[in-house]
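S.K.: One structure, pasted below without further comment.
The values are calculated or read from the model by the stated rules, or taken from the named source; none is laboratory data. Please read all numbers here as calculations on a predicted model, not as lab measurements. Cβ: placed from backbone, ideal geometry, glycine included. Neighbour counts: every protein chain shown. Accessible surface is based on the protein model in full, side chains and every heavy atom, while ligands, DNA and RNA are left aside. Shrake-Rupley method; radii C 1.70, N 1.55, O 1.52, S 1.80 Å.
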Amino acid sequence: MTTKKGTKVLTEILNIQGIKVIQMSQQPGIGIILQVESIERESHCHHCGTKSNRLHQNHRYVVKDLSWGEKPVFLEINRRQFKCKKCGKPFSEKLDFVNNRRTYTKRLADTIIKSVLSSDIHSVAKQGVVTTEEIERMLSDASRELSSKPSGLKKLGIDEIALIKGQGNYCAVLIDLSTSKLITIVAGRTQAEIEPVLNSWGSEVLEQIEEVSIDLWTGYKTLVQKLMPNAQVVADRFHVMVQVNQELDTQRKREKRQVIDLIKKSKSSKKAAEYKEILEGINDSKYSLLKNEENLNEKQNIKLMEVKKMFPNLAKMHKLKEKFRQIFENKKTNWLRGLLRIGIWHQRAKQYFPDSVKTITNWHKGDNFLL
Ligand SMILES: [Zn+2]
């Protein structure tokens, strides 16, 4: 039994507008169950708009809400059915905090979507609050509700969420990166599915976009080029790959210059001859280092081995460059595993590829989207 004072405190803690707590109970292994009801004694008829307080029947059911600490919270709601005084038809009252036929409150859905955007559906479902089916329902509801036109959009982020593991089922998430606000969720990730959504914003909005950041695994670049003439793709995997190659090439030039300097400064002709031999090793090594390793011809392969043997720094960078490429080229890599592998690469590459690592870091900052 909950006291009157107790229910008042509980109502304040619950903090849902227009709702009061009637009673609280705790079920071992389940959580806290709060019996709640609307403060309003009447409701507007859906059919004719007349206010009515003539109770037709009670309709009780349970929905999930935000947890209290470690404890799951369930709300036992009474969605009352009234009978209209004027037109005589029965109607259910409208409750603002929960959508019809949903097993969770709106604010729980908002919180869950936020965590899905920063991790993935399965990790969130594993926490046990909601099931993967419920999360998918939340996302599809959100995609319908959020379909308004963005205003003042300059930096667009296109990300994606895997729905069902291993089944290639995805939805795309469009985010305003300047405000970290979710713009919309598209039920699919193909260009054909995303294009109409972008088009619905109109050319005025699209032409305003200056930067687009794209998820690592997808090829939305042509779509961006087609629809957003003034936008630059600032981060996609191709962009980072180019940067990785540039940094490797810069290091090659730097090492070569150092050897040339050593030759110039050599005091004996014997020392100079030694350095010239090292220079021979790095000369003409550009394509051996930059080309995909499996595409090297025999001569380039020999060159690669030579330069790697003499220049340990370049050997490490070459290995990291190939590794980076493999992460994206491996078709079996799913989004999560890819992200983990990028994380590992990131750690190892820090000192060798500072610019590329910075790009990746900036990119993933966008993962903490706030709704
Ligand atoms: Zn009516």
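S.K.: Which order do peptides 52-61, 203-212 fall in by mean Cβ count within 10 Å, highest first?
M.R.: Numbers: 52-61: 12.6, 203-212: 16.3.
Per-residue mean Cβ counts within 10 Å order the peptides as 203-212, 52-61.
S.K.: Hey, which lysines would be in cross-link range of K267, C-alpha to C-alpha under 22 Å, not counting anything within fewer than 8 residues on its own chain?
M.R.: Once the sequence-local lysines are set aside, what remains near K267 is K256, K276.
S.K.: Here is a follow-up. Any idea what angle helix 4-14 forms with the longest principal axis of the chain, computed on alpha-carbon atoms, 0 to 90 degrees, nearest 10?
M.R.: 30 degrees
S.K.: Still on this structure, I have one more. To one decimal place, what Kirkwood hydrodynamic radius in Å is obtained for the stretch 230-293 from all pairs of distinct Cα atoms? Display every interim value, and only then the final one.
M.R.: On the way: mean 1/r = 0.0721 Å⁻¹.
Roughly 13.9 Å, rounded to one decimal.
S.K.: Accessible area of the chain with a 1.4 Å probe: how many percent of it is carbon plus sulfur?
M.R.: It is 50 percent, rounded to a whole number.
S.K.: Between Y61 and N283, with labels modelled 7 Å along Cα→Cβ, what's the label distance in nm to one decimal, could you check?
M.R.: 8.0 nm
S.K.: Further, regarding this structure: Have a look at E306, E193, E298 and tell me which one the Gaussian network model of the chain (Cα, springs below 10 Å) gives the largest fluctuation.
M.R.: E298
S.K.: Same structure, new question: In bins 20 Å wide, starting from 0, what share of all Cα pairs of the chain does each bin hold, as a percent?
M.R.: Taking every Cα pair in the chain, the percentages come to 22, 39, 25, 10, 3, 0.
S.K.: What number comes out for accessible area per residue over the chain if the probe is 1.4 Å? Units Å², please.
M.R.: The answer is 57 Å² per residue.
S.K.: Separate question: Rounded to the nearest 10 Å², what accessible area does F311 show when all protein chains are kept and the probe is 1.4 Å?
M.R.: Surface accessible to solvent at F311 totals approximately 10 Å².
S.K.: What nm distance separates the two modelled labels at N53 and T3, each placed 7 Å from Cα along Cα→Cβ?
M.R.: Once both label points are built, they end up 3.0 nm from each other.
S.K.: Work out, step by step, the length gained on full extension between Q27 and H44: first 0.36 nm times the residue separation, then minus their alpha carbon distance; give nm to one decimal.
M.R.: 2.6 nm
S.K.: Heavy atoms only, probe 1.4 angstrom, no DNA, RNA or ligands counted: give me V197, V357 ranked by accessible area, highest first.
M.R.: I get V197, V357, largest accessible area first.
S.K.: I want to check the label-to-label distance for C87 and K271. Put each point 7 Å from Cα in the C-beta direction and report it in nm to one decimal.
M.R.: Calculated label separation equals 9.9 nm.
S.K.: Can you give the net charge of the other residues whose Cβ lies under 13 Å from the Cβ of Q351, counting K and R as +1 and D and E as -1? Spell out each step's value before the answer.
M.R.: Numbers: positive: K316, R348, K350, K358; negative: E247, D355.
So the surrounding residues net to +2.
S.K.: Principal axes first, then extents: for the Cα atoms of the stretch 1-63, list largest minus smallest coordinate on each axis, whole Å, largest first.
M.R.: 45, 24, 18
S.K.: Separate question: Using the Cα centre as the reference, give the magnitude of the dipole from point charges on the C-beta atoms of the chain (Lys, Arg: +1; Asp, Glu: -1; all else neutral), rounded to the nearest 20 debye.
M.R.: Once rounded to the nearest 20, the dipole reads 680 debye.
S.K.: Taking R0 as 45 Å, what's the FRET efficiency between D110 and E322 from their Cβ-Cβ distance, rounded to 0.05?
M.R.: Values: r = 42 Å, r/R0 = 0.94.
The pair D110/E322 has a calculated efficiency of 0.60.
S.K.: Answer with one residue from Q81, S52, P354: the one whose Cα lies farthest towards the positive end of the charge dipole of the chain, charges on Cβ with Lys, Arg +1 and Asp, Glu -1.
M.R.: So the residue furthest toward the plus end is P354.
S.K.: Top to bottom by accessible area (1.4 Å), largest first, where do I39, I327, I260 land?
M.R.: Values: I39 100, I327 0, I260 60 Å².
Largest to smallest exposure gives the sequence I39, I260, I327.
S.K.: In the chain, what percentage of the DSSP-assigned beta bridges are antiparallel, given to the nearest 5? Present the calculation step by step, with values, prior to reporting the outcome.
M.R.: Working: 35 of 48 bridges.
The antiparallel fraction comes to roughly 75 percent.
S.K.: Between L296 and Q351, what is the FRET efficiency for a Förster distance of 35 Å, r being their Cβ-Cβ separation, to the nearest 0.05?
M.R.: Efficiency, from the Cβ-Cβ distance: 0.85.
S.K.: Normalised by the number of residues in the chain, what is the relative contact order in percent for Cα pairs under 8 Å and 6+ residues apart?
M.R.: This gives 10 percent for the chain.
S.K.: Over the chain, with a Gaussian network built from C-alpha contacts below 10 Å, which listed residue (S151, S266, S115) shows the highest mean-square fluctuation?
M.R.: S266
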